[in-house]
Amino acid sequence: MNILNRQTLLAVSSIVSLALTILSCQSGQQAMAQSPPQLPVESPSQPPSQPPSQPPADSPPQIQPPAESPSQPPADSPSQPPSQPLPVWFKQIGKSYQGEFWQNGKLVNGSTLFYLSDQTGLTGFYITAENGTYVTGDLMNCQAKQERTVHCQWKEPNQAGEFEATFSPDFLSFKGFGTTIGDTTQHPWEGSQDRAKAKATP
């Protein structure tokens, strides 16, 4: 009886020990099955460094446009100072002369006026009232041709030409002529000042 009990206890102990071993193995397998696989940690990808773009070796060089110089007005512009010293006798020319000059195929009464400055030299204009309408023109680029003789260019909106006049020794009058571009005919152009007014003018 005692021998049977002892054998029975030994058998039970062996069974219990085997059961514990089996349970331990099953628990380890379940833990491995439940734990997620560890993935290797990847470092963030870095874009490959690129060298700065270079123009092709055979590309033409970039040429900078030259700096523009300020535009210069033409040499004969009325705003240009005279290229040569003005003749002294220019200062004796009166400001306004009454007389006649050629206009639209006939002689008309009108006024010729002159102005003198260090900046523009001798310039002027003329004016007439033809058929109740004022007609004006400019005198420009006046040069001394000889003593007391001037040569100018006259200009109107629709026509232009040359003007030349010789002043009297006292500069109270002048006689000359005008021509039109394309027509070399010399038409009379003259004027005079009122002597009393001329003497009263300083």
Can you confirm whether Gly121 is small (Gly, Ala, Ser) and either in contact with a helix residue (DSSP H, G or I) (Cβ under 8 Å, 6 or more places away or on another chain) or buried (at least 17 other Cβ atoms within 10 Å of the Cβ) (or both)?
yes
Residues satisfying the stated conditions in the range 176-198, i.e. surrounded by 15 or more Cβ atoms within 10 Å (Cβ to Cβ) and of a type in the set (D, E, K, R)
Glu190
Take the residues in the range 98-133 that are closer than 16 Å to Thr179 by Cα and not in a strand (DSSP E or B), then tell me which one is modelled with the highest pLDDT.
Gly105
Considering Ala75, Ala67, which residue is at pLDDT below 70, part of a loop (DSSP other than H, G, I, E, B), under 40 Å from the mean Cα position of the chain (by Cα) and over 27 Å from Ile181 (Cα atoms)?
Ala67
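Could you tell me which of the residues Phe167, Phe171 is touching a Ser or Thr at 6+ places or on another chain (Cβ under 8 Å), surrounded by 15 or more Cβ atoms within 10 Å (Cβ to Cβ) and in contact (Cβ under 8 Å) with a residue 24 or more places away in the chain?
Working: Phe171 fails: touching a Ser or Thr at 6+ places or on another chain (Cβ under 8 Å).
Result of the check over Phe167, Phe171: Phe167.
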Only one of (1) over 20 Å from Leu86 (Cβ atoms); (2) of a type outside the set (Lys, Arg); (3) outside any strand (DSSP E or B) is not met by Thr136, so which one is it?
(3)
How many residues of the range 96-110 are surrounded by fewer than 18 Cβ atoms within 10 Å (Cβ to Cβ) and either in contact with a Ser or Thr (Cβ under 8 Å, 6 or more places away or on another chain) or within 11 Å of Ile127 (Cα to Cα) (or both)? The answer is 5
Answer yes or no: is there a residue in the range 124-135 that is within 22 Å of Gly105 (Cα to Cα), of a type in the set (Gly, Ala, Ser) and either free of Cβ contacts under 8 Å to residues at least 24 places away in the same chain or in contact with a His (Cβ under 8 Å, 6 or more places away or on another chain) (or both).
yes
Of everything in the range 177-202 that's assigned to a strand (DSSP E or B), more than 11 Å from Trp102 (Cα to Cα) and not hydroxyl-bearing (Ser, Thr, Tyr), which residue is modelled with the highest pLDDT?
Gly191
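The values are calculated or read from the model by the stated rules, or taken from the named source; none is laboratory data. Computed from a prediction, not measured in an experiment: that's the story for all the values here. So basically every Cβ, Gly included, is an ideal-geometry build from the backbone, and we count neighbours across all protein chains shown.
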